[in-house]
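So the structure is just underneath, and the comments pick up after that.
Readers should treat all values here as calculations from the given coordinates under stated rules, not as data from a laboratory. What you see is a predicted model, and the numbers here were worked out from it, not measured in a lab. Glycine also receives a Cβ, built like all others from the backbone with ideal geometry; neighbour counts cover every protein chain displayed.
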Amino acid sequence: MPLVQFHNVTYSLPNATIISDLNLTVEQGETLVLLGESGCGKTTTLKLINRLLTPSAGEVRVEGKSTTAWDPIELRRRIGYVIQEGGLFPHFTIARNVGLVPALSGWEPARTHERVREMLNLVGLDPDRFAERYPRELSGGQRQRVGVARALAADPPLLLLDEPFGALDPLTRASLQREFAELSTRLGKTAVLVTHDVREAMILGQRIGLMHKGQLLLLETPEAFRASDNPQARAYLETLNVNGGDH
Amino acid sequence: MSFWQFLASNWSELLLLVRQHIVLVFVSILVAVIIGVPVGILLTRYRALRGPVLGIANVMQTIPSLALFGFLIPLPFIGGIGTRTALVALVLYSLLPIIRNTVTGILNVDPNVREAAVAMGMTGGQVLRQVELPLAMGVIVTGIRVATVIAVGVTTIAAAVGAGGLGVYIFRGLRQYDNNLLLAGALSAALLALAADSLLGLVERQFSFETKRSGTVVRKLALAVAIVLVIGGAAFWLSRSTPSSENHIAVGSKDFTESALLAEIVAQMLEARGVSVERRFELGGNLPHEALVAGTLDLYPEYTGTSYTAILQHAPITDPRAVYDQVKREYADRFKVEVSQPLGFENTFAILVRGEDARRLNLKTISNAATEAPRWRAGFGQDFMSRADGYPGFSKTYGLKFAEVREMDLSLTYIALSSKQVDLIAGNSTEGRIPTLDLFQLADDRRYFPPYEAVYLVRQDSLARVPALPEVLSKLANAISTDEMRRLNYEIDGQKRDPKEVVKEWLKGKGF
């Protein structure tokens with residue numbers, strides 16, 4: 001069974017339609033990248049999965065159950081969520097940030113503590129050095145790693161990432177992208193990642209969904225995407241060529 | 001006397017005032033936080049309420065503090081004189097900065113952080129308690145800090161409603177041209193404001209998570225506001241009351257002949273002893289009382305029963321000694337006002353009938369009149385109809401059922417009675433026209449009416465300040481009988497003579 005299914009999903013605001021008639025499935029274990037320019041509806045698509053938003057029409061199913069049938073709190077605790085800069089709580093230590101969902105879910109403090117160390121090690125941060133620091137004392141890249149660690153802490157079946165590496169300098173971004181690709185393969189997590197960076201989509205995605213004005217134009221493997229003759233896809237691929245290997 | 005000498009000899013009183021000041025500020029801020037923070041949270045949830053509620057709080061703060069105290073005095077439950085009124089006003093002043101900063105603090109929480117909190121699976125309450133409130137706390141504490149510094153300033157004005165605090169020294173200093181008092185009060189208030197500000201500044205710093213907040217601007221503003229309030233309040237006071245000194249007394253009276261006459265007696269006696277007297281006669285309603293408590297008046301004549309029921313809000317009782325003692329005790333405790341010895345007469349309600357009826361029907365007491373009442377028409381003033389010790393209890397106590405009860409102006413009831421428009425009225429026992437119109441006062445044989453002994457109410461600080469005052473008041477103890485008072489009233493109301501002349505004659509006759 002696909003982990004996430006969109007059935008004829010429309011999402012509209014009083015004066016604008018953000019998503020129209022979207023059909024999409026996310027399979028177990030894959031990393032699906034939604035690619036598109038600002039305002040194309042890719043972030044909205046993401047928020048429809050963890051019920052930060054609910055569809056105006058149609059249905060989003062997670063593990064076969066409509067998001068509106070889920071208890072929203074339970075649903076969200078089963079989904080890791082990473083946003084730009086990690087969305088860390090500035091008044092929590094790194095350890096408390098990472099241990100947030102386990103603590104909310106009522107884990108034993110000792111187990112949470114152990115898990116936090118494991119997660120920090122996983123994302124390449126030394127727990128002894130970082131656990132008791134505050135987010136403002138970390139660099140952007142380090143904060144992003146903490147954001148990923150937090151999303152993974154409760155071992156959720158699904159990970160949502162909204163432009164996770166967007167605010168980083170190119171070098172840090174490239175290394176984090178590589179690490180994340182390696183990590184997600186190793187953990188076998190299902191992930192949906194949103195980006196406007198075609199290079200990132202190529203590196204991280206097992207499938208790439210190209211969105212434009214609230215619609216899914218195509219959904220292909222990176223190889224098929226590269227060969228596509230869709231004009232939007234070609235435009236993205238051309239930026240890749242112009243910028244060479246840099247972007 | 002130097003300032004240091006002044007402090008050395010007055011430090012215990014000063015400490016008491018400082019303590020009162022701190023308690024007033026602390027309690028009012030505490031209440032304002034308990035009300036303001038939840039209201040602020042509510043306003044972040046219900047956008048539609050935000051404009052109206054903040055608007056009301058805003059208007060609250062623009063009301064000059066003395067005016068706000070004035071509005072509150074006549075209100076039931078929250079109003080009146082003293083600490084309670086001061087606290088209500090202080091809370092109202094403190095609400096705006098606290099509500100506004102709670103709203104601003106919560107709305108300014110990084111939307112990404114809030115979204116992350118929701119996406120992590122936090123419930124609404126968890127988002128509020130674990131994320132929004134902690135992150136807004138710095139801004140909220142800033143609001144509390146602003147409110148506190150302002151409250152320290154406004155509290156100096158609370159002395160005007162008898163709530164105590166450092167304003168007592170400031171106002172007293174202004175009245176008496178005493179720079180030591182003024183300095184001690186103002187300096188202490190300023191130091192309190194600074195102390196509260198830096199203390200809360202320390203608290204505020206605990207909640208600075210991301211960047212340094214620009215608290216200095218807010219703090220300077222708050223200090224400026226506090227200073228302006230202290231100075232403004234003082235200036236306001238200065239402009240409305242003539243400063244008193246050892247040789248200056250402000251004498252007030254209520255707005256009727258007898259009260260003005262009693263005030264004139266004291267005024268002339270004081271003037272004869274070289275004291276300059278400012279006459280503030282004919283003050284309506286509770287104004288003399290409010291002015292006395294506020295210090296704009298030094299004394300005015302009053303009746304124990306009025307103080308007992310109207311000011312102290314007790315249910316009427318009939319034992320004159322008990323009423324006098326209770327009034328004396330409570331005035332000293334609550335208002336720092338001394339009650340003089342009784343002047344020797346009562347001005348109570350007098351149930352009057354025509355002399356010819358009394359003689360014909362052999363009426364002596366109100367009970368005697370009960371059998372006649374069903375055939376009689378009664379005429380009562382508005383006051384008697386409405387007050388606690390008035391008509392309803394009166395008619396019940398004596399089982400009186402009149403053929404008709406007319407509500408009319410009190411002064412007209414005497415004429416109405418003598419011209420047989422009505423057959424029974426409730427007049428004043430010292431009314432000058434009682435003998436001249438041949439009216440007869442029925443005895444209150446069931447002791448329904450509470451005692452209304454005439455006394456002077458005097459501020460304790462005025463007694464200490466003007467040496468001639470205690471002497472004059474002791475001379476007047478038991479100096480005026482009911483008959484004498486009736487005669488004096490008649491000279492003025494009946495013969496239309498000048499009150500000053502009447503008083504001068506009477507004083508001469510008495511040898512005062």
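FRET efficiency for the pair B:Arg273 and B:Leu42, taken as 1/(1 + (r/R0)^6) with r the Cβ-Cβ distance and R0 = 56 Å, rounds to 0.35.
Quote the FRET efficiency, to the nearest 0.05, computed for A:Ala16 versus B:Val31 with a Förster distance R0 of 56 Å and r equal to the Cβ-Cβ distance. Efficiency, from the Cβ-Cβ distance: 0.75. In order along the stretch B:494-509, phi translates into HN-Hα couplings of x, 8, 6, 8, 6, x, 4, 5, 4, 5, 4, 4, 4, 4, 5, x Hz, rounded to whole numbers, per the Karplus curve 6.51 cos²θ - 1.76 cosθ + 1.60 with θ = phi - 60° and x for Gly and Pro.
Of all lysines in the structure, the ones whose alpha carbon falls short of 24 Å from that of A:Lys213, not counting any fewer than 8 places away in one chain, are A:Lys42, A:Lys47.
Mind listing the phi-derived Karplus ³J(HN,Hα) values for the stretch A:163-174, rounded to whole Hz, using 6.51, -1.76 and 1.60 with θ = phi - 60°, and x for any glycine or proline? In residue order, the calculated couplings are 6, x, 10, x, 8, 9, 5, x, 5, 4, 4, 4 Hz. Each 20 Å bin from zero up to the one holding the largest Cα-Cα distance in the protein assembly as shown carries the following percent of pairs: 14, 29, 21, 17, 14, 5, 0.
Within straight-line reach of B:Lys364, meaning a Cα separation under 22 Å, sit the following lysines at least 8 residues removed in sequence or on another chain: B:Lys396, B:Lys401, B:Lys420. Computed from backbone phi with θ = phi - 60° and the Karplus coefficients 6.51, -1.76 and 1.60, the 3J(HN,Hα) list for the stretch A:208-220 is 10, x, 9, 10, 8, 6, x, 10, 8, 6, 7, 9, 9 Hz; x is used for glycine and proline. Amide H contacts of B:Val405: B:Ala378, each under 5 Å away and 5 or more positions distant or on a separate chain (H built 1.01 Å from N in the peptide plane; Pro and chain starts excluded). For chain A, the share of DSSP beta bridges that are antiparallel, to the nearest 5, is 50%. Computed over chain A, relative contact order equals 27 percent, with contacts defined as Cα pairs under 8 Å that lie 6+ residues apart. The modelled label-to-label distance between A:Ser66 and B:Asn179, using points 7 Å beyond Cα along the C-beta direction, is 8.4 nm.
The A:Asn23 and A:Ser105 beta-carbon pair, evaluated with R₀ = 56 Å, returns a calculated FRET efficiency of approximately 0.95.
Size of the stretch B:16-61 from its Cα atoms: along the principal axes, largest to smallest, the extents are 46, 20, 7 Å. In plain terms, the residue of B:Ile492, A:Ile83 with the fewest other Cβ atoms within 10 Å comes first and the most crowded comes last, giving B:Ile492, A:Ile83.
If you take the square roots of the eigenvalues of the alpha-carbon gyration tensor of the stretch A:90-156 and sort them as a ≥ b ≥ c, do you get rounded (a/c under 1.5), prolate (a/b over b/c) or oblate?
Here the stretch A:90-156 falls in the prolate category.
For A:Leu159, the residues whose modelled amide H falls within less than 5 Å of its own, excluding neighbours fewer than 5 places apart on the same chain, are A:Gly80, A:Thr190, A:Ala191, A:Val192. Shown here is the pair-distance distribution of the stretch B:113-207: with all Cα-Cα distances grouped in 10 Å bins from zero up to the longest one, the shares run 16, 29, 21, 16, 11, 6, 1 percent.
Only beta bridges with both residues in chain B are counted; by DSSP, about 55 percent of them are antiparallel. Sparsely packed loop sites in the stretch A:88-151 (the trypsin sites (Lys or Arg not before Pro) outside DSSP H, G, I, E and B with at most 15 other Cβ atoms within 10 Å) comprise A:Arg133. For chain A, taking Cα atoms only, Rg and Dmax work out to 18.0, 55 Å respectively. Taking amide H as placed 1.01 Å from N in the peptide plane, the amide H of A:Leu34 sits under 5 Å from that of A:Leu193, A:Val194, A:Thr195, A:Gly209, each at least 5 places away or on another chain.
Spin-label model, A:Ser175/A:His196: points 7 Å from Cα along the beta carbon direction are separated by 2.6 nm. A Cα-only calculation for the stretch B:349-442 places Rg and Dmax at 11.9, 33 Å. Annotation: extensible slack from B:Arg497 through B:Phe512 equals 3.3 nm (criterion: 0.36 nm per residue apart, minus Cα-Cα distance). At full extension, B:Ala8 and B:Asn112 could sit 31.5 nm farther apart than now, given 0.36 nm per residue minus the alpha carbon distance. Taking the stretch A:159-190 and a reference point 7 angstrom along Cα→Cβ of A:Asn230, the backbone N atoms nearer than 20 Å belong to A:161-163.
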